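Q: Mind having a look at this structure? Questions to follow.
Every number here is computed from the coordinates shown, using simple stated rules; none is lab data. On a predicted model such as this, the values are computed, not experimentally measured, just so you know. Positions of Cβ are generated from backbone atoms using ideal geometry, with glycine treated the same way; all protein chains shown enter the neighbour counts.
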Amino acid sequence: MNLKLPALSRRDFLAKSTLGAGLVLGAPSILRAKQAGAPADDIRVGFIGCGKQHEVLFNAMVNIPGIRYVAACDIMKARVGRTFSTIKSRFDTNINRYLDAEEMLEKEELDAVFVATPDFWHAPHTIMALEAGCDVYCEKMMSNTLEGARSIVAAMDRTGKLCQIGHQRRSNPRYRYTLDQLIQKEKICGQIVNINGQWNRALSSSQDIVSKPSILPDAETLRKAGFNLGADHELSLDELRHRFLNWRFYTALSGGPISDLGAHQIDIFNWYLGCQPTSLMASGGRSYFKDREHFDNVMCIFDYDTPQGNVRAFYQVLTTTSSGGGYYESFMGAEGTINISEREAYTKIYKESGADSAKWDNLVSRGLLKKEAAGKAAGGADAIASYESAPPDEYALPGGLSKAPHQPHIENFLDTIRGNAKLTCDARHALESEAPIYWVNHAANTRETIHFTDEHLHT
């Protein structure tokens, strides 16, 4: 069954989602000469959004040379103030502070803008910055809607500016090495027949976010910013503030856990297989948080047709437990299995008992793998011998990642601005990965199999 997309003009889409008093669609002239005395390759950066994800990105940026942090914007005055104080105390320099993104883009001389606002703002803020002449790093998801994601690709094409989307694993050396060297070149998995992935979050980490009312925006600001979208009644100040702090729970503001958490894993599925899925089945439920609009637990199965054959990819996202193994992706093949994660502890490689031992020994001798533990013989007092396979030999990657997980992705963005690299995840590639995600909640609600067409997946 095809889900009919809402008929929403670009102007209406932006007007309903943007921060501040309307959006000027014409591009402000902000790319003037850099500050006198600044290094020739110094990149002048501004931030839209100063919440938790800003902290993550900022902490990944502090060790990257050649960045000049110029300005920050957030509708929450306290967040902008905290950002100013952090930079002032750490680097003894001032940044300009704004409560309105359009004002920041009009007044500042910026080369690049980082967008770290809630998902339903990603498209309007990214489009604003692109049309202002800035290269943009936008956090995932590109939008809370497929239409919004498509509008970013259109703006990138229209302006000719760079737009990197925050699927940071695309630049992670561990992931790139595993794909390029082990899967594609050495083919240690053989034919990949199944994929499994998950992101499980502890119940304690999934509770409602609260904050002191005295530092939160007023009702007029929150309504103007769009936090009343999707409500069926006039919202009180307390209700508006809850939606502001917990926007991930609301269907008009986000895609819920499957996009908030699952987007990263599903992106890896598509990237590693080099294609998009052909169909989707999904199931979801409110297992614990009964009053939330989104499912708190979702499971789905994607089917892929690859040159090597059909691959089924199972994925689960749980916000009620993390004791089942955290987050990872597992690629299971006829000759080996690779479990990979941003966390080194979850990254392990296993050799099938029937695989060529000499080939794997050669990989170890060449330093491409590390041998961790030899598999033990099947059996034992509790074994069902006729059904049990021998435990496999265990291997590890030859090195770890010493940088913050987002740092290589930001470095790739900045290097591309300087003309020294190519984006690892521009908006068009990100849309190819994200498009299937927008259909998971629909599939879970209807319990119908979706057979993907160009209408579902492309611009």
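Q: Looking at the chain, identify the longest residue range that excludes and avoids all chymotrypsin sites (Phe, Trp or Tyr not before Pro) in DSSP loops having at most 15 other Cβ atoms within 10 Å.
A: For chymotrypsin sites (Phe, Trp or Tyr not before Pro) (loop position, at most 15 other Cβ atoms within 10 Å), the longest site-free span of the chain is 1-287.
Q: What does DSSP give for the chain in terms of the percent of beta bridges that are antiparallel, rounded to the nearest 5?
A: Antiparallel: roughly 60 percent of the beta bridges in the chain.
Q: Then there is this: How far, in nm, would the chain grow between I209 and Q184 when pulled straight, counting 0.36 nm per residue and subtracting the alpha carbon separation?
A: Taking I209 through Q184 to full extension adds about 4.7 nm, to one decimal.
Q: Right, another one. When averaged across all projection directions, what area in nm² does the alpha-carbon convex hull of segment 182-315 cover?
A: 10.9
Q: Can you tell me the length gained on complete extension of the stretch T449 to T278, counting 0.36 nm per residue apart and subtracting the Cα distance?
A: Here the segment from T449 to T278 would lengthen by 60.5 nm.
Q: Roughly how many nanometres apart are two label points built 7 Å out from the Cα toward the Cβ at I67 and S287?
A: Spacing of the two 7 Å Cα→Cβ label points: 3.6 nm.
Q: Can you pull out the GluC sites (Glu not before Pro) in segment 153-236 that DSSP calls coil and that have at most 13 other Cβ atoms within 10 Å?
A: E234
Q: Non-local amide H neighbours of G256 (under 5 Å, H modeled in plane, Pro and chain starts lacking H): which ones?
A: none
Q: Grab the beta carbon distance between A421 and S365, set R0 = 25 Å, and tell me the FRET efficiency rounded to 0.05.
A: After rounding, the FRET efficiency stands at 0.15.
Q: Given charges of +1 on the Cβ of Lys and Arg and -1 on the Cβ of Asp and Glu, with all other atoms neutral, how large is the dipole of segment 234-377 about its Cα centre, in debye to the nearest 20?
A: With Lys and Arg at +1 and Asp and Glu at -1, about 440 debye.
Q: Relative to 2.2 N^0.38 Å, what does the C-alpha radius of gyration of segment 132-254 come to as a ratio? Two decimals please.
A: 1.49
Q: Could I ask something else about it? Would you calculate the volume per residue, in Å³, of the smallest convex hull containing every Cα atom of the chain?
A: Hull volume over Cα atoms, normalised by residue count, gives 170 Å³.
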